Every structure is written in structure tokens, then in C-alpha cells.
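The values are calculated or read from the model by the stated rules, or taken from the named source; none is laboratory data. Small disclaimer: the values here were computed from a predicted structure and weren't measured. Virtual Cβ from ideal backbone geometry, glycine too; neighbours counted across all protein chains shown.
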Amino acid sequence: MSNQSNYPTSLFSSNLTFKNENQSGGALSIAGCSAEKLVKEFGSPLFVLDQEDFYLRARAWRAALDNSFGSGQLYYAAKSFICVEVAKWLKELKLGLDVCSGGELAVALAADFPAQDIEFHGNNKSEVEIRKAVKAGVGTIVIDSFDELNRVATIAKELGEVQKVYLRLTPGVDAHTHEFISTAHEDVKFGFSIASGAASEAIEKCMSQSSLKLSGIHCHIGSQIFEVAGFKAAAERLVAVLASFRDKYSMELQELNIGGGYGIAYTKDESAISPDLVIPAIAAVIKDECAKAKLALPRISIEPGRAIVGPTTTTIYVVGTTKSVKLENGAERRYVSVDGGMSENIRPALYGAVYSAFLANRSSTAKLISSRVVGKHCESGDILISEIDLPADIAAGDLLAIPATGAYGRSMASNYNHIARPSVVAVINGTAREILRRENEQDLLNLDVNQPPRQLS
Ligand code: LLP
């Protein structure tokens with residue numbers, strides 16, 4: 001799909017520039033803050049989030065939804081990246097928030113995010129989490145299984161509430177993405193299958209519970225998707241469910257949530273899917289199918305995470321050791337080690353995700369040589385970029401920038417090898433501030449306790 005709008009579809013955030021740029025990089029600035037100064041001030045590795053770019057993308061997705069459907073709701077997927085400050089931005093933008101754990105809910109509540117604009121997902125929510133969500137007045141709980149349907153109904157009854165819910169359905173669509181991030185085919189842990197009849201059984205059960213108010217249905221077909229066909233097929237199948245609901249109950253479900261999953265660019269050869277193209281295409285299918293089935297258009301919601309935060313953020317690393325090895329075919333490969341790795345970006349190791357790297361403190365005219373960017377973890381699989389041409393003169397102390405790390409980078413970070421998780425710095429109009437601080441050794445040591453053994457009662 002080509003991009004006809006002004007939506008930024010490259011791997012870089014909107015306010016990112018390289019001084020004296022050539023293909024391997026240059027002195028990097030984001031929103032007027034130089035990479036060198038940022039690292040000097042906040043250390044490395046460092047996630048640098050272009051705040052204006054975040055707002056721009058969030059508004060563009062929201063506008064596409066409003067333009068195509070009149071109105072709707074955008075629930076930002078917190079799992080892609082959330083902290084209290086970002087939750088405050090989302091509140092200011094008047095967006096909704098999709099959370100999928102008690103922890104994500106706690107962040108939202110700490111930001112005073114309006115509970116009615118929160119949607120609670122997850123295939124195995126605990127009783128404690130459900131109780132916390134119902135008590136907090138969370139707008140919608142997305143029910144994922146029969147067990148959970150009973151749990152939510154019981155807890156809502158106990159608390160004297162009627163909880164608004166959606167049912168998560170699996171429309172049997174193969175989303176053409178990595179197996180681990182594809183979620184709507186039959187053989188997955190999520191949701192009620194439409195094809196097997198589980199979805200209609202769940203609807204019946206939901207309708208018979210006085211403490212549940214079934215308002216709509218939901219599906220999420222997967223993540224990092226570029227083809228519109230999968231979204232369209234899912235939309236068609238969901239509208240068919242809405243029609244059979246109307247036929248059976250002589251009333252219409254008001255809401256339809258078609259999930260997130262919109263793909264972004266990680267390399268210069270790729271291009272993000274643009275909201276101005278994908279949302280109207282999905283809208284056309286939904287409107288058409290609703291008209292055919294003589295259904296009023298439901299209120300549509302979407303749940304993008306990666307598409308909003310992914311390209312906003314660039315990770316900056318300091319280069320440490322480098323070494324060259326001879327490959328079996330006689331070629332040479334140079335290893336460039338940076339001061340982070342699989343603990344703040346597990347995506348290459350987990351999904352084979354491909355990233356790009358650029359020199360960020362200077363430009364270089366040195367010959368480009370075949371390189372592998374690796375982290376500092378005790379693991380050979382700790383590879384950030386398996387194969388990339390980088391200038392031959394890269395050496396210890398140089399800065400290397402990896403763009404498009406905003407989604408599922410910091411949020412999936414671990415403390416492997418007792419490495420502290422990096423900070424996230426928001427930059428805007430030449431100013432920088434930490435919105436998530438770097439962990440330190442003491443933070444990690446604080447988890448070690450020295451308790452005497454005791455009998456369990
Ligand atoms: N809604 C639901 C119900 C989801 O499960 C997800 C993502 C989203 C929305 C947001 O999807 P997005 O627009 O960000 O693609 N860790 C993987 C991605 C896992 C996505 C899980 N669910 C990765 O790093 O690629």
C-alpha cells in the first residue's frame with residue numbers, strides 16, 4: 001500500500017535529524033537534543049522518545065477513526081509501552097487505554113486516567129485483578145474464556161455492579177505475521193472461536209447473567225500486520241456475528257472493537273501502514289456488511305500500540321568492544337558490542353525481528369563492512385542486528401542509534417545478568433526529561449531478603 005497522506009511512515013521519529021548525514025548516520029539530534037548530550041546527561045543505553053511525534057501519531061489514528069466512522073474510540077495498547085507520564089498524555093489526548101494486567105491498570109490509576117475509558121484485556125485475569133478492575137469502575141472488561149465469564153459475573157454480583165463487557169472472539173483469520181504475535185487463528189489461547197460455536201455459546205451465557213452487560217464484541221488478529229486483507233476478513237466475520245445476535249435477540253450490539261496490530265517500519269526498505277489508508281478500507285467493509293445485514297453501524301474502536309509509540313523512540317547505545325572473525329566462506333564479520341542487548345530489546349532473539357543501526361555521534365566516510373551488532377549479555381543469541389553494513393572505523397566510545405524501539409522494547413525489558421533497565425527520556429522543543437528513570441544496582445539488590453525459615457500454617 002502506498003502512502004498518499006502526510007503520515008510519517010519511515011522508521012524514524014518525525015523530529016529526528018542527522019547532521020552531515022550519510023547512509024551510515026551522522027551526529028544525531030531528536031527534537032533538538034543531541035544524542036551526545038542526552039547520553040552525557042542520562043547515561044546509556046537510553047530510550048529517547050519524541051513526544052511531539054507521539055501526539056502526532058495518536059491524533060492521526062484518532063482522526064482516521066473519526067473521519068471514517070463519525071466517532072469511535074481509540075484504546076492505546078499499554079503493553080506496547082506505558083508509564084505514568086504517557087498515561088497522562090493519553091488522558092490529555094482524550095484517548096482510551098487498553099490494559100492487560102493489574103500492573104498496567106495500576107499505572108493508569110496512578111495517572112488518574114478516567115476508569116470508564118479503560119478496557120481490561122487478558123486471557124487469564126486473576127480474581128484479584130478482576131475485583132480491582134470492577135471496583136475501580138473500569139469501562140469495559142473484555143471476557144476471554146468461559147471460566148472468566150463466570151468469574152467476572154460472580155465478582156460483579158458480589159460488588160453489586162453491572163459490568164459492561166465485550167467478548168473476545170477469534171474469527172479464524174491468519175494474519176501473516178510471526179507465529180508468536182498472530183492471535184486470531186483457531187489454535188490459540190485467546191478468545192472464543194466463531195467457527196466452533198464457542199462464540200455463540202459465550203454470548204448466550206453472557207446474556208443470561210444479570211451482572212454483565214454485553215455491549216459488543218472484540219477481535220485482535222495479530223501484530224505487525226501490513227496487509228489490509230486480514231483486517232477486512234475479520235471485520236466481515238464479526239459483522240456476521242452482530243447480525244446473528246440481532247436475529248436471535250431482536251436487539252443490536254452497539255460496539256465493535258477490531259483490535260490493533262498495524263505494522264511499522266524497522267528498516268529503510270519498509271513503510272508503516274498509514275491510518276488514512278487502512279481505517280477507511282476497514283470502514284468500507286464494515287459499512288457494506290452492516291448495510292447488507294440491515295444493521296445500524298456499531299461504535300467502532302481500535303487498539304493500536306506499536307503504530308503510535310514504536311517509531312517515536314530511538315535507543316542510543318555506546319559502542320564498547322569490537323572484533324573481527326573469519327567466516328567459513330572466507331568472508332569477514334565484525335562484531336560491534338554495545339552496552340545493552342537482549343535485556344532491553346528481546347525482539348530480535350524472540351521473533352527474529354530486524355532493526356537498523358546508525359552512527360549517532362558523527363558521520364563517517366570509512367568503507368562499510370559487514371557487521372553484527374551484539375549486546376553485553378552472556379549469551380551468543382544476544383544479537384540486536386544479525387547483519388548490517390557499518391563504517392569500518394566504528395570504535396569504542398562511538399554512539400550507535402537503533403530507531404523504532406518504542407514498542408515492546410522497554411515494556412519487555414528484563415534484568416537478565418542483573419543489568420538495570422534503561423531510562424526513557426522524553427524530548428520536545430530542545431528540552432529533555434526522564435519519564436522513567438534508570439534502575440540501579442540497589443533497586444535490584446532491594447529484592448534480596450534475609451528471612452529466617454518459618455513453618456507455613
Ligand atoms: N489489542 C490486543 C488485544 C493485543 O493483544 C495487542 C497486542 C494489541 C491490541 C496491540 O497490538 P499492536 O498495535 O501494538 O501491534 N511483543 C510483540 C507484540 C505482541 C502483541 C501483543 N498484543 C512484539 O514485540 O512484536
Residue check for Val173: modelled with pLDDT under 95, surrounded by 21 or more Cβ atoms within 10 Å (Cβ to Cβ) and over 10 Å from His220 (Cβ atoms): yes
Candidates Ile258, Ile273 - the one that is at pLDDT 95 or above, within 30 Å of Cys206 (Cα to Cα), within 14 Å of the ligand (Cβ to nearest atom) and within 18 Å of the chain's Cα centre (by Cα): Ile258
Every residue from segment 343-365 that is closer than 19 Å to Val318 by Cα and more than 13 Å from the ligand (Cβ to nearest atom): Ser343, Ser356, Ala357, Phe358, Leu359, Ala360, Asn361, Arg362, Ser363, Ser364
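Identify all residues within segment 323-375 that are assigned to a loop (DSSP other than H, G, I, E, B) and either aromatic (Phe, Trp, Tyr) or free of Cβ contacts under 8 Å to residues at least 40 places away in the same chain (or both); write none if there are none.
Going residue by residue through segment 323-375, those that are assigned to a loop (DSSP other than H, G, I, E, B) are 327-331, 339-346, 352-357, 360-367, 375.
Of everything in segment 323-375, those that are assigned to a loop (DSSP other than H, G, I, E, B) and either aromatic (Phe, Trp, Tyr) or free of Cβ contacts under 8 Å to residues at least 40 places away in the same chain (or both) turn out to be Leu327, Glu328, Asn329, Gly330, Ala331, Tyr355, Ala366, Lys367, Gly375.
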Pair list, Cβ < 6 Å and 6+ apart or interchain, from segment 429-454 residues that are farther than 28 Å from Gly32 by Cβ to residues that are of a type in the set (A, V, I, L, M, F, W, C) and surrounded by 14 or more Cβ atoms within 10 Å (Cβ to Cβ): Asn440/Ala420
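Within segment 302-311, identify whether any single residue is within 25 Å of Leu95 (Cβ to Cβ) and in contact with a His (Cβ under 9 Å, 6 or more places away or on another chain), and answer yes or no.
Let us first name the residues in segment 302-311 that are within 25 Å of Leu95 (Cβ to Cβ), namely 302-311.
Subsequent filtering for residues that are in contact with a His (Cβ under 9 Å, 6 or more places away or on another chain) retains 303.
Within segment 302-311 (the criterion being within 25 Å of Leu95 (Cβ to Cβ) and in contact with a His (Cβ under 9 Å, 6 or more places away or on another chain)), the answer is yes, since at least one residue qualifies.
Yes or no, residue by residue, for (1) modelled with pLDDT of 95 or more; (2) crowded, with 17+ Cβ neighbours inside 10 Å; (3) of a type in the set (Phe, Trp, Tyr); (4) not assigned by TED's automatic domain parsing to the domain that holds Glu303:
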{"residue": "Val142", "(1), (2), (3), (4)": "yes, yes, no, no"}
{"residue": "Leu159", "(1), (2), (3), (4)": "yes, no, no, no"}
{"residue": "Gln163", "(1), (2), (3), (4)": "yes, yes, no, no"}
{"residue": "Thr177", "(1), (2), (3), (4)": "no, yes, no, no"}
{"residue": "Ala184", "(1), (2), (3), (4)": "no, yes, no, no"}
{"residue": "Ala198", "(1), (2), (3), (4)": "yes, yes, no, no"}
{"residue": "Ala202", "(1), (2), (3), (4)": "yes, yes, no, no"}
{"residue": "Leu214", "(1), (2), (3), (4)": "yes, yes, no, no"}
{"residue": "Lys232", "(1), (2), (3), (4)": "no, yes, no, no"}
Enumeration of residues in segment 224-258 that are under 23 Å from Phe120 (Cβ atoms) and in contact (Cβ under 8 Å) with a residue 60 or more places away in the chain: Ala234, Leu238, Val241, Glu255, Asn257
Some residue of segment 128-141 being assigned to a loop (DSSP other than H, G, I, E, B), in contact with a Leu (Cβ under 8 Å, 6 or more places away or on another chain) and not aromatic (Phe, Trp, Tyr): yes
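Pick out, from segment 1-116, the helices (runs of 4 or more DSSP H) lying fully within it that include 1 or more residues that are among the charged types (D, E, K, R), at pLDDT 95 or above and under 25 Å from Ala283 (Cα atoms). Before the answer, list the steps.
On the way: elements: 35-42, 51-69, 84-92, 102-110.
Answer list for segment 1-116: 51-69.
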Within segment 280-339, tally of residues that are over 30 Å from Ser34 (Cα atoms) and outside the structural domain of Arg410 (by TED's automatic domain parsing): 24
Output for segment 303-315, where each listed residue is in contact with a helix residue (DSSP H, G or I) (Cβ under 6 Å, 6 or more places away or on another chain) and within 12 Å of the ligand (Cβ to nearest atom): Pro304, Gly305, Arg306, Ile308, Val309
Test set (1) on the phi > 0 side of the Ramachandran plot; (2) touching a Cys at 6+ places or on another chain (Cβ under 7 Å); (3) more than 16 Å from the ligand (Cβ to nearest atom) - Ser250 fails condition number: (2)
Candidate set: segment 283-302, residues that are assigned to a loop (DSSP other than H, G, I, E, B) and in contact (Cβ under 8 Å) with a residue 60 or more places away in the chain; chosen: the one nearest to the ligand (Cβ to nearest atom): Pro298
